[in-house]
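Take this structure, written in structure tokens, and hold onto it; I'll ask about it next.
The values are calculated or read from the model by the stated rules, or taken from the named source; none is laboratory data. Fair warning: this is a prediction, and the values are worked out from it, not measured in the lab. Note that each Cβ is placed from the backbone with ideal geometry, even for glycine, and that neighbours are counted across all protein chains shown. Just the protein is used for accessible areas: all its heavy atoms, side chains included, with ligands, DNA and RNA removed. Shrake-Rupley method; radii C 1.70, N 1.55, O 1.52, S 1.80 Å.
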Amino acid sequence: KSGDVDAPEKTEHLIVWMEKLYNEGVADVKPRTRSFNAVLVAWSKSPEKYAAQRAEDILYHMQRLYDSGNEDLKPDAISYGTVVSTWTKSGKQNGPRRAEKILRLMEIECDYGDSTLRPDVILYNFVIEAFSKSDEKFAYKDALSVLRRQITMYRSGVNKCRPDIYSFTSVIAACASFSGHGKERTSAFKAAVATFDELLKSEYVSPNHVTYGTMMKATARLLPLRSQLRQKWTKKLFEKSSKDGYVGDMFLSWLKEAASPKHYHELTRGRKRQNLPPEWTRNVIERRPAKN
């Protein structure tokens with residue numbers, strides 16, 4: 001917790017020293033899972049480029065020691081979760097995929113009956129968000145795949161991983177940011193629609209103004225200009241968003257991109273943002289720049 005840039009190495013040296021003393025017969029200093037977790041947390045806060053890889057190496061070291069009979073070093077949810085979050089924050093191009101790899105290990109252990117390693121919604125959201133910001137061309141497919149596994153896990157009885165609005169909206173954002181061409185863009189839009197439809201069918205979460213704005217962004221960026229599908233979804237999203245009271249600034253900004261000037265005027269009835277009917281905006285909570 002010192003914030004020292006050398007903290008990870010110093011913490012590791014302390015663990016090595018504890019192991020040496022324990023092997024020499026000093027039972028009170030035996031390293032345990034909590035000791036190694038402190039090292040992982042230290043690496044998660046490190047600015048070093050190799051921090052995520054080092055954290056992963058330590059996790060695997062813990063697993064090897066546990067597999068060899070040291071039951072006091074069983075990696076727990078904190079161990080795995082710290083490595084997942086470290087990879088998602090690493091800034092590495094392969095960070096999202098490495099984080100997902102660790103998440104999959106948790107899922108596998110959970111499938112084999114280790115309920116202590118059940119991933120929670122925060123971990124799933126870390127990985128989905130990482131893919132939504134990834135430079136990989138088809139990262140939206142990975143984000144959607146993670147969400148679907150999350151939903152499956154939740155439906156199997158793991159309540160702590162229940163998807164929230166952030167889970168769904170991040171996948172839609174990954175789709176909306178896709179930069180391919182032609183049919184590839186249509187495929188990305190279909191993935192956004194599938195995610196949006198799953199959200200609408202959900203009994204535990206509903207879209208908010210960011211979700212609607214992000215879906216309108218997908219419509220504006222992924223569908224061909226003047227296409228019937230683009231016009232259909234522009235109208236559909238506006239009607240549902242205004243009915244639910246979620247017509248916010250983000251939504252209107254992307255509506256202008258998605259609709260022709262004539263269609264925009266028809267949908268908004270020629271009203272400016274400040275003159276929109278209160279029922280259209282009643283549930284919007286957006287930060288506005290402070291007035292000087």
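Give, rounded to the nearest 20 debye, the magnitude of the charge dipole that the stretch 161-292 has about its Cα centre when Lys and Arg contribute +1 at Cβ and Asp and Glu contribute -1 at Cβ.
It comes to approximately 540 debye.
Stretch residue 206-residue 159 to full length: gain in nm at 0.36 nm per residue minus the Cα-Cα span?
Answer, rounded to one decimal: 15.2 nm.
Which log10 I(q)/I(0) values does the stretch 70-188 give at q = 0.21, 0.22, 0.23 Å⁻¹ under the Debye formula, counting every alpha carbon as one identical point scatterer?
Calculated log10 I(q)/I(0) at the listed q: -1.12, -1.20, -1.28.
Now a separate question. Using only the Cα atoms, work out Rg/Rh for the stretch 220-292, with Rh taken as the Kirkwood radius, to two decimals.
Numbers: Rg = 12.8 Å, Rh = 12.9 Å.
Taking Rh as the inverse mean 1/r over Cα pairs, Rg/Rh reads 0.99.
OK, next. Given +1 on the Cβ of Lys and Arg, -1 on the Cβ of Asp and Glu, and no further charges, what dipole in debye does the chain carry about its Cα centre, rounded to the nearest 20?
The calculated dipole for the chain is roughly 2120 debye.
At 7 Å along the Cα-to-beta-carbon direction for both residue 274 and residue 184, put a label point, then send me their distance in nm to one decimal.
Result: 4.4 nm between the two label points.
Same structure, new question: If the limit is 32 Å between Cα atoms, which of 183/272; 89/141; 89/235; 160/256 go over it?
Too far apart for the 32 Å limit: 183/272; 89/235; 160/256.
With no solvent and one equal point scatterer per Cα, compute the Debye intensity ratio I(q)/I(0) for the chain at 0.15 Å⁻¹ and report its log10, rounded to two decimals.
The Debye formula, applied to the Cα set alone, gives -1.10.
Using a 1.4 Å probe on the protein chains only, how many percent of the accessible area of the stretch 160-292 belongs to carbon and sulfur?
After summing per-atom areas, the C and S share lands at 49 percent.
Oh, and also: Suppose the chain between residue 197 and residue 78 were pulled fully straight at 0.36 nm per residue; how much longer would it get relative to their current alpha carbon spacing?
39.5 nm
Whole angstrom only: what separates the Cα centroid of the stretch 175-235 from the Cα centroid of the stretch 39-54?
Between the Cα centre of the stretch 175-235 and that of the stretch 39-54, the gap is 37 Å.
Rounded, prolate or oblate: which fits the stretch 170-236, taking a ≥ b ≥ c as square roots of the Cα gyration tensor eigenvalues, rounded meaning a/c under 1.5, else prolate when a/b beats b/c? Please report the intermediate quantities before stating the final value.
Numbers: a/c = 2.00, a/b = 1.57, b/c = 1.27.
Verdict is prolate for the stretch 170-236.
Give the Rg/Rh ratio for the stretch 145-292, taking Rg as the radius of gyration of the Cα atoms and Rh as the Kirkwood radius, to two decimals.
Taking Rh as the inverse mean 1/r over Cα pairs, Rg/Rh reads 1.00.
Separate question: Provide the packing ranking of 260-272, 113-125, i.e. peptides ordered by the mean count of other C-beta atoms within 10 Å per residue, highest first. Don't skip to the end; give the middle numbers.
Values: 260-272: 12.7, 113-125: 17.5.
Peptide ranking by packing, descending: 113-125, 260-272.
Excluding ligands, DNA and RNA, what is the solvent-accessible area per residue of the chain at a probe of 1.4 Å, expressed in Å²? Walk me through the numbers before you get to the answer.
Numbers: 16260 Å² over 292 residues.
The answer is 56 Å² per residue.
Can I ask one more? Would you mind checking the radius of gyration and Dmax of the stretch 25-124 based on alpha-carbon positions, in Å?
Using the Cα atoms of the stretch 25-124, the pair Rg, Dmax is 13.6, 45 Å.
For the stretch 38-84, restrict the atom set to alpha-carbon positions and state the Rg and Dmax in Å.
Answer for the stretch 38-84, Rg first and Dmax second: 10.7, 34 Å.
Can you give the extra length, in nm with one decimal, that the chain gains between residue 145 and residue 225 once fully stretched, where that is 0.36 nm per residue apart less the Cα-Cα distance? Each step should come with its number before you reach the end.
Working: separation 80, 0.36 × 80 = 28.80 nm, distance 2.89 nm.
Extra length available between residue 145 and residue 225 comes to 25.9 nm.
Hey, what's the Kirkwood Rh for the stretch 60-102 if you take every pair of different alpha carbons, in angstrom?
11.1
How many nm is it between the label spots at residue 243 and residue 32, if each spot is 7 Å from the Cα in line with the beta carbon?
Using points 7 Å along Cα→Cβ, the separation is 5.6 nm.
Using the Karplus curve 6.51 cos²θ - 1.76 cosθ + 1.60 with θ = phi - 60°, what ³J(HN,Hα) values do you get for each residue of the stretch 125-130, in whole Hz, with x for Gly and Pro?
After applying 6.51 cos²θ - 1.76 cosθ + 1.60, I find 5, 4, 6, 4, 4, 4 Hz.
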